[in-house]
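Reviewing the structure listed below.
The values are calculated or read from the model by the stated rules, or taken from the named source; none is laboratory data. The shown structure was predicted, so the numbers you read here are calculated from the model rather than taken from an experiment. Cβ atoms come from the backbone with ideal geometry, glycine included; neighbour counts cover every protein chain shown. SASA here: full protein model, heavy atoms, side chains in, ligands and nucleic acids out. Shrake-Rupley method; radii C 1.70, N 1.55, O 1.52, S 1.80 Å.
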Amino acid sequence: MKEHLFNFHDVFLLITTAICLLLCLFQWLIFEKRPERGVLAGFLFSLAVTNITVLFMWSDKIIVPPFAVVWILPYTLMASLLLHGPLLFLYVRMLTRHNAELHKFDLWHLAPLVVLFVVMASLGIHSVDLLQRTERPAETDIIGIIWAIAKIQPVVYCVAAVLLVQRYIKRLQHQYASFSLTEPVWLMMLSGGFLLNWGWSFLVYLIAKFSSPQLADKLGIADNYVTFVLIIALFVYGVAHAQKLLSTKPDTPRESHEDNYDKRDIDRIVQAMETDLLYLEHNVNLESVAEKVKLSSRTVSQIINKHFGTNFYEYINSYRIEAAKRMLADPAYKEMTILDILMKSGFNSKSAFHRFFNRLVGTSPTAYRKKMLTEKE
């Protein structure tokens, strides 16, 4: 019987690599081309590169040229491992912020990789060393540190990504009376799934340091299976859902045969806004308005959605924008900064203020102020 080139475990690595590359390709061929799609494609590609590099380095059946052993494989492996975390974090950040762009400052995420490359090049560390089969005992501690960095760094970024999603969900709860949790929960599953995956990988690394080589190999293979299952479960199902995060909107209220409110309820809400000026309170939310007008939160949400044709957050901020416009157009406030005016009008977020102002007014606050003050001179 002919000897097989790849064993059962190698086949799983190849399948995982193929799936990652296909999903990476889909980002460009199927989905709308947006910046966050490029980051996701890069993340998928880095996963594929890690798997194929591991296969080339650990398989005794694949003959690799000496030049690749020394210069290509070790640097490729470390680059892909240290790019997993930053790419996933940047993808989550771009989806949970309205301004989905990368900035020059984001290049600092490459700093650990650059430092690691400098250390590896200066010490001449190659694939045999990373496989911990080195005959240079003096380098053992350095190699251990390199592997520790490569294992713990993605975990740190995953924790940061999970925290970003948590803050995003809280922001949605503050902005909308009702909204779909489908996409945010998916993103939490993505971040949390890789946190478990890479957390397990780091745990395997720690156990392997104090166990036999045989157990270390078995744990390493198990780590590959965990990655395979995660890729199948998360990406095949979820990659078509994550892009919806940028357009998360409040749930459309269900139509009912009869409204459980009357004109007096509408008047109460209008009075709370125009007389009591509740929109000027920075921490105003649906519950506090409902308590003020002595109606249920559901009734207030229903009135705003059906009678005013908007959601609670948009309704509150429309009043705030009008207040800001009055101050920007008033010469008495010309010495106040834009930041002071947005705070005085009820906003507590500079980005939210500028976003709403540009959308509702059609120009920037600074341009609007200049135009209005010029007309009054």
Explain nothing, just compute: Karplus ³J(HN,Hα) = 6.51 cos²θ - 1.76 cosθ + 1.60, θ = phi - 60°, for every residue of segment 314-322 in order, whole Hz, x for Gly and Pro. 5, 4, 5, 6, 5, 5, 5, 5, 4
Considering only the other residues whose Cβ falls under 12 Å of the Cβ of Asn348, what net charge follows from Lys and Arg at +1 and Asp and Glu at -1? +3
Under a 1.4 angstrom probe, counting protein chains only, how are Val185, Val289 ranked by accessible area, largest first? Val185, Val289
What whole-number value in Å² describes the accessible area per residue of segment 64-125 for a 1.4 Å probe? 50 Å²
Working out 0.36 nm times the residue gap between Lys218 and Glu335, then minus their Cα-Cα distance, what length gain in nm do you get to one decimal? 35.2 nm
Heavy-atom accessible area of Arg167, protein chains in place, probe 1.4 angstrom, given in Å² to nearest 10, is 140 Å²
Among the listed pairs Lys292/Lys350; Lys170/Lys344; Lys263/Lys294, which are separated by more than 25 Å between their Cα atoms? Lys292/Lys350
